[in-house]
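A quick write-up on the structure given underneath.
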Amino acid sequence: MQQILNVRKTLVAGSLLLAMSNVASAASEQFVVSVTTLDDVSILEVNALSYGTNVFIDAGGECTMEASAPGATVLQMDDASAAANYGDIAGTGCVDTTGQQPGEFRVTGLGGQDVTITIGSTSGGDYTFAPVGAYAIHDGSTAGDTLGTYTTAQAAAGVTTPLASSSDVGLTVAANQLMFTVGGTITIGGTPLVADQLYNDTYPVTVVY
């Protein structure tokens, strides 16, 4: 009986010494958290959207501007896309002559980073405006960019596409940039417009990472 008791005492002493050893080996250090901020995203209106002096004054008239095929140069893409009826206008509320201009915008930010572009409609004024248009889809190489187009509903929901990266740079492509166009349909309200008068309205454009 005495031998068994001595063995138990030895085991208890050993466990106490092990616990004390763990406490003595504890360590505390300071570690670095590294954060690199993104370049601010910005938007520039290169050319303002204008229907020119081609719109009739009649109430209810509609006029649609084509902006879905602007060509590779306008969108700064590295493919061979050609313009197709870019800037043409048609409808019961206008005549297609000269002086009209689709909206053209340049986004600048972190190359290769996706941005979401949201374009809103206007309503409740002398006329309403529903946007449609095109944007560049950069692929990160010197060949292979593609054309993206959006409807009014897609513009309201937001379209996502990457900014050109340094490996995208070509004849017309600029790193860290993205181009898109805005056209669409204006509809004159229930009151006729005044002849020979300039009408201005605004539509919201938002670009975020």
Problem set entry | Given charges at Cβ of Lys, Arg, Asp, Glu: the chain dipole, positive-most of V159, P204, T122 | V159
For this session: Quick one: angle between helix 2-24 and the longest Cα principal axis of the chain, in degrees between 0 and 90, rounded to 10, please.
Result: 40 degrees
Seminar exercise, completed: Hull surface over four for the Cα convex hull of the range 145-209, reported in nm², is 7.0 nm²
For this session: Compute log10 of I(q)/I(0) for the chain with the Debye formula, placing one identical point scatterer on every Cα and leaving out solvent, at q = 0.07, 0.08, 0.17 Å⁻¹, to two decimals.
Result: -0.36, -0.41, -1.10
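So if R0 is 22 Å, what FRET efficiency would Q197 and Q101 give, r being the distance between their Cβ atoms, rounded to the nearest 0.05?
Taking R0 as 22 Å, the efficiency between Q197 and Q101 is 0.70.
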Exercise. What percent do you get for the relative contact order of the range 42-208 when only Cα pairs under 8 Å and 6+ apart count?
Worked result: 33 percent
Exercise. If amide H atoms are built 1.01 Å from N in the plane of the peptide, which residues on other chains or at least 5 residues away come under 5 Å of the amide H of G158?
Worked result: I119
Exercise. Taking the chain as a Gaussian network, where each spring joins two C-alpha atoms under 10 Å apart, which residue of V107, V95, V32 fluctuates the most?
Worked result: V32
For this session: Would you mind working out the magnitude of the charge dipole of the chain relative to its Cα centre, with +1 at each Lys and Arg C-beta and -1 at each Asp and Glu C-beta, to the nearest 20 Debye?
Result: 1580 debye
Problem set entry | Extension gain, S28 back to D58 (0.36 nm per residue minus Cα-Cα distance, nm) | 2.9 nm
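Taken together, the values in this text are just the output of simple stated rules run on the coordinates, not laboratory data. Since we're looking at a predicted model, the values are computed, not measured. Glycine also receives a Cβ, built like all others from the backbone with ideal geometry; neighbour counts cover every protein chain displayed.
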